Each structure stands twice: as structure tokens, then as C-alpha cells.
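*Asks:* I have a structure here, written as C-alpha cells, and I will follow up with some questions on it.
The values are calculated or read from the model by the stated rules, or taken from the named source; none is laboratory data. No experiment lies behind these values; they were computed from the predicted model shown. Please note: Cβ atoms are built from the backbone with ideal geometry, for glycine as well, and neighbour counts cover all protein chains shown.
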């Protein structure tokens, strides 16, 4: 598990390094001028201490962290920003805590009904546990990319493309909207938890039928739309015919037997449901001629 540690301020170490540098330089010059070996030895000791002090100074930028190890053992993670000083024998590795965008490539998979589709997602992720990111997986950035593709593929195979494919489906890829994005985000967080990665947002960025069936599916959608429109037209026409016969009967404008009613209904349905405007024919004779 991640352990956050707070090192010493690096400003004191920086000032000490300057003083050691000046002191070492003074001893070295004094030793050369006087020929005394004592000053030279002192200058060497100061130089060794100076190297250790400088090696322990590090800078941590905003939204970055340093993971510290001591001869292979995990010491802790530094998330404090600024100029800091650590044990010179520690090994530190830089890691970014910023949010990253992953624009996934377009994948060709089969949906729940077996139809080939193209799908892609945009994912916003960031490191939340530095220990897991560096030590639990091999290359956390590549791990995020591979697991994201796997999650998108699993989502595509778990849901139909649209309601027309599976009328009993509660969620479809096309009409699911936020529910589909929530499912993808939840699965990504479960998959990436082992790497210490948190997914802040996941959205489907591309969704379409594969090119080999896109034309056929477009015709199917158009046919469905035409049938639905025709159903509405017929429903409205039947209501208008019913209203016309009812008003003619109630106002007693004309008395029609069943055969004439059937003919009138047929003519009205043709006029109301036809794709083109009807051409009227004037009857100048008797209605029964």
C-alpha cells in the first residue's frame, strides 16, 4: 500500500551546500598556498559531504510525486511540492499525478446480437496510488491502454447496438447514453484498481455499424421509419373516415347503404393514405349510376 512521507525542507540543505562549497574551496586554496596536507584532507572531506548533501536535494513539481526506495525496499511516496531533502542513499523515481486523456483507437467487435460494429472511447484517468502504479504492474501506462480496450470490447459484446436488434434489452449502445458511459467507467475502475489508477470519466466517442453491413442496416432503419410513419397515417385516416361517416349520419345529409359506405371508405382511405395527391373525378349523374 502507498505510504506518504514528508522529507526535510531542501532550503536548509541548499544553504548548507553553498557554505560547504565555499569552505571546501577556501581549504583547498589554503592548502595549496601553504603546502599543508591538513587543509587538503579537510577540503576532501568537505567535498564528500557536499556531494552527499547535493545528492539528497530534489524538486517535486505540482501534481507530481517521488517514490523512494532504499536498496530495493519501499520507503514511501513524497507528494509534497517544492525543494526537499531526502536521504542521499534513497533512490527516487518521478511519477505524474496529472489527469491523462486516452483517446482509444476504433475497435471492430460484435455486439450482443453478433452484428459487427465499430466502437471507440475517450477515457480520463490519473494515478491515485503511486505504489501500485510502479510496483504492482509492469508499465502502468501500457496497462491502462490494454485494459481500456478490453473493457470497451466487453461492453460492446454485452449490449445490443440498438433496440431494434433486441426489443427486450434494457440498455443499448446507441440509446443508452449516460448509462452506457457509467457501465464503462465502473468496469474500468474495477480493472485498473490493481494498478492504482482512478478513471474520472469514460465516454463512447465513436459508434457505428461496420462498413460491410452499414448499408443494409441503413435500409432496415429507413424501412422501419417508413412503416412507423405509415402506421400513423393509417391511424389518422381511419379516425377521419369514422368522423366523416358519423357526422353524415348524425346530420342526415345523405343516406348510404352498406355497399356505398364501403365504397366511400375505400375512396377516402385511398385519398388520405396515398403518397401523391388524388385527382378528383366529378360525378355529374346519379350517385347510383
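*Asks:* When only residues in region 19-35 that are assigned to a helix (DSSP H, G or I) and surrounded by fewer than 12 Cβ atoms within 10 Å (Cβ to Cβ) count, which is modelled with the highest pLDDT?
*Replies:* Filtering region 19-35 for residues that are assigned to a helix (DSSP H, G or I) and surrounded by fewer than 12 Cβ atoms within 10 Å (Cβ to Cβ), the one modelled with the highest pLDDT comes out as 22.
*Asks:* Follow-up question, since we're still on this one. Among the residues of region 52-67, are any exposed (fewer than 14 other Cβ atoms within 10 Å of the Cβ), at pLDDT 90 or above and assigned to a strand (DSSP E or B)?
*Replies:* Yes, the conditions are met somewhere in region 52-67.
*Asks:* Across region 89-104, what is the number of residues that are at pLDDT 90 or above and not in a strand (DSSP E or B)?
*Replies:* Number satisfying all stated conditions: 5.
*Asks:* State yes or no: is residue 117 modelled with pLDDT under 90 and either over 30 Å from residue 211 (Cβ atoms) or crowded, with 19+ Cβ neighbours inside 10 Å (or both)?
*Replies:* It is true that residue 117 is modelled with pLDDT under 90 and either over 30 Å from residue 211 (Cβ atoms) or crowded, with 19+ Cβ neighbours inside 10 Å (or both).
*Asks:* Check 118, 138 and return the single one that is part of a loop (DSSP other than H, G, I, E, B) and in the same structural domain as residue 191 (by TED's automatic domain parsing).
*Replies:* Exactly one residue qualifies, and that residue is 138.
*Asks:* When residue 113 is evaluated against the numbered criteria (1) in contact (Cβ under 8 Å) with a residue 40 or more places away in the chain; (2) in contact with a strand residue (DSSP E or B) (Cβ under 8 Å, 6 or more places away or on another chain), which criterion, by number, is the only one it fails?
*Replies:* Evaluating residue 113 over (1) in contact (Cβ under 8 Å) with a residue 40 or more places away in the chain; (2) in contact with a strand residue (DSSP E or B) (Cβ under 8 Å, 6 or more places away or on another chain) leaves (2) as the failure.
*Asks:* Additional query: Among the candidates 150, 133, which residue alone is under 28 Å from residue 64 (Cβ atoms) and assigned to a helix (DSSP H, G or I)?
*Replies:* From the options 150, 133, the qualifying one is 133.
*Asks:* Further question on the same structure: So the check is Cβ under 8 Å with 6+ separation or different chains; which pairs have a first residue in region 133-144 that's surrounded by fewer than 15 Cβ atoms within 10 Å (Cβ to Cβ) and a second one that's in a helix (DSSP H, G or I)?
*Replies:* From residues that are surrounded by fewer than 15 Cβ atoms within 10 Å (Cβ to Cβ), the pairs are 136/194; 136/195.
*Asks:* Okay, moving on. Looking at (1) in a strand (DSSP E or B); (2) not assigned by TED's automatic domain parsing to the domain that holds residue 176, which is the one condition that is false for residue 80?
*Replies:* (1) is the only condition that residue 80 fails.
*Asks:* Okay, moving on. Scan region 53-94 for residues that are out of contact with any helix residue (DSSP H, G or I) (no Cβ under 9 Å at 6 or more places or on another chain) and farther than 16 Å from residue 135 by Cβ and report the count.
*Replies:* 8
*Asks:* Among the listed residues 98, 91, identify the single one that is within 17 Å of the chain's Cα centre (by Cα), over 24 Å from residue 180 (Cα atoms) and without any contact (Cβ under 8 Å) to a residue 60 or more places away in the chain.
*Replies:* Going through 98, 91 in turn, just one is within 17 Å of the chain's Cα centre (by Cα), over 24 Å from residue 180 (Cα atoms) and without any contact (Cβ under 8 Å) to a residue 60 or more places away in the chain: 98.
To keep it simple, each residue is scored yes or no on (1) modelled with pLDDT under 90; (2) assigned to a helix (DSSP H, G or I); (3) crowded, with 16+ Cβ neighbours inside 10 Å.
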position: 175; (1), (2), (3): yes, no, no
position: 182; (1), (2), (3): no, yes, no
position: 186; (1), (2), (3): no, yes, no
position: 192; (1), (2), (3): no, yes, yes
position: 208; (1), (2), (3): yes, no, no
position: 215; (1), (2), (3): yes, yes, no
position: 224; (1), (2), (3): yes, yes, no
position: 233; (1), (2), (3): yes, yes, no
